[in-house]
Amino acid sequence: MTEVYQKLEKIVSEKSLSNNIYVRHAYSRNVDPLLQGVPDIVILPKDTKEISEIFKIANEEDINVIPRGGGDCEFGGSKPIGDGGIVLDMKRMNKILNLDEENLIVTVEAGISWGKLNEYLSQFGLYTGCMGPGSGMTASIGGGISHHSVGGGGCAKYGACTNQLVSLEVVLPTGEIIETGSQANKYSKFPFNRFGNGPDLAGLFCGDNGILGVKTKVSLQVFPRPPFADYKTFLLPRKSAEVSANILTEIRHKGIDVYDAMYIPDVVVSVASKLGCFPLWEKVKRKRGMFFYTIEANSERELEEKTKQLDDIILSKKTENLGPEISDGNYAKWHYVEQGHWQTYHNLWGMYPALEPLTAECFTPINTFPTILSDIDQWDMEHSEDIAKIFEITRTRPITGSGPILLIDGNNVELTCGFTSFGSFFNGERHEIIDEINLKLWKSILERVTKWGVQWYMMGEFMSRLMVEIGAYSTEFYNFMKNIKNTLDPKNILSRGKYNFK
Ligand SMILES: Cc1cc2nc3c(=O)[nH]c(=O)nc-3n(C[C@H](O)[C@H](O)[C@H](O)COP(=O)(O)OP(=O)(O)OC[C@H]3O[C@@H](n4cnc5c(N)ncnc54)[C@H](O)[C@@H]3O)c2cc1C
């Protein structure tokens, strides 16, 4: 490794390269407490050329390279699988390269966060439409595009962030640099369209979970933020999952273009309210499921008309409007006006200190999610013996269920489900049994949900391998993917181990 380090020192500045044990361990995990892989070297590259040179060395030396944006992946996607390799932390590549105000396209380096980019765009009355993931304060544009991220606001109206993609600059694992879409034509002066000049090759890198290339430059469509908006929150009656699914379906069937629509299940409302995560619902007597929408318009009249249509649908279901102000419990207002879309998940995941999410995020049609939620309750009962073993140590029961469920594009929702559990280090002692049970249960719940035919979009280490291990991919699809990987990355340098590719 010393020889490799010496080669790297020749292309990367001293300050941006480290093999210090503390630094390596800081890059050995993502959000979950279970999956760990300690890299040999961490690099913060300064530009595309450096990344290209790093790949050339990695190919010569047969070393794994793992790109990392904000490091917020929930399935261990931006750390090595097993120990070793080079982590490329993209955070230094965070410049805004160009805002084409006339054509409404922004070009950025891939390491910038959704929060920083939107802060900049807001000065021009613009936003990215889909505001990326719920982790958008730290998560990067490159990570979002690599995951098809959705959930950080605006996803009922705009869908996943990859819908807004215009063009990409990518360093291929062999070190070659390509540009996609309009930029494939070397005479094009600025990015303006994703499709054409051949197949949609930007699409190849969307949702690739970092296995096909390193995104260095990203051009996205941006949108003028409409001047009028409304936001309402409703307390749901019993059977709140079914009621909210009916509301979402009616919204889509009537073609009302909501900006966001979210269902927060009963258990989340009751447990999180008790623990102080939802201070705005302290006064609400019945802690049942909640539903909210946010909507935008270009005139007051348009807003009134759309709001009326939405309220007619929602209030016909025996729901109760909580009132206009955040202090009345109007979560929707907090979500839209105070950037709650980037904060919602942080407090939920930290509900109990030391409790960590072992989650699953997938897309599924609206009309399937109530059945999946009941099956997850059933799964919890079937695994109560294992869960009880964790309770015996921690005296707090891991919680199974679903987080907020969001309307995305089409008739689909983003469903976050799984269980939150404790790490094995508890009360000053290591309890290896907790890791063993967590791993077993996490696999089991993901397999169960996969068999409902859902679509995973963030795959990381865990989900990409599990899909292969449980035989969920058709042989033809898996081979097709493997052939593409082999063509672009013949030495399997990039994100080695994902999808069990050899
Ligand atoms: C509190 C919280 C809330 C979250 N909410 C959501 C949500 O609402 N919706 C959602 O989709 N996800 C959510 N996530 C998961 C995750 O944050 C997002 O998917 C996010 O888009 C990941 O971005 P990142 O920059 O952190 O990527 P990382 O975790 O650093 O990387 C993600 C993947 O992309 C690859 N990658 C990163 N940068 C590049 C690049 N430049 N080129 C090529 N590959 C790259 C990595 O190798 C890895 O496979 C949440 C996570 C947390 C902690």
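The values are calculated or read from the model by the stated rules, or taken from the named source; none is laboratory data. From a predicted model like this one, the values you see are computed outputs, not experimental measurements. Positions of Cβ are backbone-derived with ideal geometry, glycine not excepted, and every protein chain shown enters the neighbour counts. What goes into the accessible areas is simple: the full protein's heavy atoms, side chains included, and nothing from ligands, DNA or RNA. Shrake-Rupley method; radii C 1.70, N 1.55, O 1.52, S 1.80 Å.
Tabulated values for the structure
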item: Where a residue in the range 120-137 is over 16 Å from Lys157 (Cβ atoms) and in contact (Cβ under 8 Å) with a residue 40 or more places away in the chain and its partner, wherever it lies, is more than 8 Å from the ligand (Cβ to nearest atom) and in a loop (DSSP other than H, G, I, E, B), with Cβ under 6 Å and at least six apart; result: Leu121/Val222; Gly125/Arg225
item: Test: residue in the range 195-210 that is open to solvent by 10 Å² or more (accessible area, probe 1.4 Å), within 15 Å of the ligand (Cβ to nearest atom), over 27 Å from Leu494 (Cα atoms) and touching a residue at least 40 places away in the same chain (Cβ under 8 Å); result: no
item: Only listed residue being within 14 Å of the ligand (Cβ to nearest atom), β-branched (Val, Ile, Thr) and assigned to a loop (DSSP other than H, G, I, E, B), chosen from Val150, Val108; result: Val150
item: Those residues of the range 455-502 which are more than 30 Å from Pro357 (Cβ to Cβ), part of a helix (DSSP H, G or I) and either touching a Lys or Arg at 6+ places or on another chain (Cβ under 6 Å) or within 14 Å of the ligand (Cβ to nearest atom) (or both), in sequence order; result: Leu488
item: Count of residues meeting criterion [farther than 20 Å from Val337 by Cβ and open to solvent by less than 50 Å² (accessible area, probe 1.4 Å)] in the range 253-274; result: 9
item: Checklist (1) open to solvent by 20 Å² or more (accessible area, probe 1.4 Å); (2) in contact with a Pro (Cβ under 7 Å, 6 or more places away or on another chain) applied to Gly418, failing item; result: (1)
item: Evaluation of Ile390 against (1) open to solvent by 20 Å² or more (accessible area, probe 1.4 Å); (2) part of a helix (DSSP H, G or I); (3) not acidic (Asp, Glu) (one fails), failing number; result: (1)
item: Subset of the range 397-454 (residues that are part of a loop (DSSP other than H, G, I, E, B), away from the ligand (no atom under 16 Å from the Cβ) and of a type in the set (A, V, I, L, M, F, W, C)); result: Trp452
item: Qualifying residue in the range 219-234 (condition: within 16 Å of the ligand (Cβ to nearest atom) and over 15 Å from Tyr331 (Cβ atoms)); result: yes
item: Boolean, Asn427 is open to solvent by 40 Å² or more (accessible area, probe 1.4 Å), within 30 Å of Arg252 (Cβ to Cβ) and not assigned by TED's automatic domain parsing to the domain that holds Asn118; result: no
item: Count of the range 274-297 residues which are touching a residue at least 24 places away in the same chain (Cβ under 8 Å) and either basic (Lys, Arg) or not in a loop (DSSP other than H, G, I, E, B) (or both); result: 13
